1. Given the criterion in the same structural domain as Thr63 (by TED's automatic domain parsing), open to solvent by 50 Å² or more (accessible area, probe 1.4 Å) and within 30 Å of Phe60 (Cβ to Cβ), identify the matching residue among Cys97, Cys93.
2. Taking only the stretch 177-230 into account, find how many residues are under 25 Å from the mean Cα position of the chain (by Cα), closer than 23 Å to Leu115 by Cα and not in a helix (DSSP H, G or I).
3. Return the residue satisfying two criteria in turn: it lies in the stretch 47-58 and is in contact with an Asp or Glu (Cβ under 9 Å, 6 or more places away or on another chain) and open to solvent by less than 60 Å² (accessible area, probe 1.4 Å), and of such residues it is nearest to the ligand (Cβ to nearest atom).
4. Can you find, within the stretch 65-86, the residue that is surrounded by the fewest Cβ atoms within 10 Å (Cβ to Cβ) among those that are of a type in the set (Phe, Trp, Tyr) and under 24 Å from Ala51 (Cβ atoms)?
5. If you check Ser151, Ser112, which single one turns out to be modelled with pLDDT of 90 or more, on the phi < 0 side of the Ramachandran plot, open to solvent by 40 Å² or more (accessible area, probe 1.4 Å) and not in a helix (DSSP H, G or I)?
6. Considering only the stretch 62-73, how many residues are within 14 Å of the ligand (Cβ to nearest atom) and part of a helix (DSSP H, G or I)?
7. Pull out all pairs, ordered by first then second residue, where Cβ-Cβ is under 8 Å, the residues are six or more apart or on different chains, the first lies in the stretch 199-211 and is crowded, with 17+ Cβ neighbours inside 10 Å, and the second is among the β-branched types (Val, Ile, Thr) and not in a helix (DSSP H, G or I).
Amino acid sequence: ATLDDSQETGAIPVDRVDAIDVEEEAATTNETISAQSRRGKKKNAANALEARDRRYLSYFIATNRCRREPWDEFFNNKNKLPGLYPRLPGTPCCDNCNPESFQVENIVLTASYPLRAGRARVPSPELRDALTRALDIWRKDVIDRDYPNQSIIVGRHILDDSVIEKIVARAHIIKDTNIFRRVIPWGYGRGRYGEEVVKIVTDTGMLYPDVEEVARQEAIREQAFQRLEIAAEKERLTKLRTVFEACYNAVYEVTTGGTVKKTRGG
Ligand SMILES: [Zn+2]
């Protein structure tokens, strides 16, 4: 729920300004946090002036009331002369006072290729080693094949070490060349060499099956089989019951004819 919602539905009121100003937790001791994963995190204000700027910016963003209030307060406007061009009557004030004049556009972005990849199992060390080797050999072969008799273009220019690292680290998400558009950006992968590398990743993956994944798939199959067995047993019982009830009713509903007398001899 947005902050607005919580206030309207009577939930615990949230100080909207404080909610924005919550400082991110300090960096953990985990040194593997990359620069990228820390992108967008807030740094502490460098000085009092910057802290004031931030406070008012948060106030401006978060307020439910007229946005002129933080503005006027920030610039201390009440001690200044009125503006030369006062707002004309009937003209919109701000998005909080006149929300109808500030319709929020609903923008949907679609792409024909994945923009992000879901979580995938981490490849085993054996697979990572084998894949790194395979890709290194491949890029050398590409030079011999497509750029022979020269020494300016080398394998790294086709497939950089950093790209190999990314491919190897996320081997299990690589199913087709679309992955090279956004998730693992690689120009040649989108073009002439993508298919070859996808095939290397797939083939190498098959040589080093993921033990845990295989076990998981096995367990899923086992469960499915058990469900099938249970269903079969149920069906058998249902059939038996139907037959039994038919026999029972046939005997029970016999109302005509003489009593069947049975002797020990039959
Ligand atoms: Zn306003």
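The values are calculated or read from the model by the stated rules, or taken from the named source; none is laboratory data. The model shown is predicted, which means the values in this text are computed figures rather than measured ones. Don't worry about glycine lacking a Cβ; one is built from the backbone with ideal geometry, like all the others, and counts go over all protein chains shown. For the accessible areas, the whole protein counts, side chains as well, though only heavy atoms, and no ligand, DNA or RNA atoms are used. Shrake-Rupley method; radii C 1.70, N 1.55, O 1.52, S 1.80 Å.
1. Cys97
2. Count: 6.
3. Keep residues of the stretch 47-58 that are in contact with an Asp or Glu (Cβ under 9 Å, 6 or more places away or on another chain), which gives 54-56, 58.
With the extra rule that they be open to solvent by less than 60 Å² (accessible area, probe 1.4 Å), the set shrinks to 56, 58.
On the way: Tyr56: 16, Ser58: 18 Å.
Checking each candidate, the answer is Tyr56.
4. My answer is Phe75.
5. Values: Ser112 fails: modelled with pLDDT of 90 or more.
After applying the criteria, what remains is Ser151.
6. Final tally of qualifying residues: 6.
7. Val201/Ile174
Condition check ((1) in contact (Cβ under 8 Å) with a residue 24 or more places away in the chain; (2) under 21 Å from Asp18 (Cα atoms); (3) acidic (Asp, Glu)) across all residues:
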site: Arg55; (1), (2), (3): yes, yes, no
site: Tyr59; (1), (2), (3): yes, yes, no
site: Ala62; (1), (2), (3): yes, yes, no
site: Pro70; (1), (2), (3): no, yes, no
site: Phe74; (1), (2), (3): no, yes, no
site: Asn79; (1), (2), (3): no, no, no
site: Gly83; (1), (2), (3): no, no, no
site: Cys97; (1), (2), (3): yes, no, no
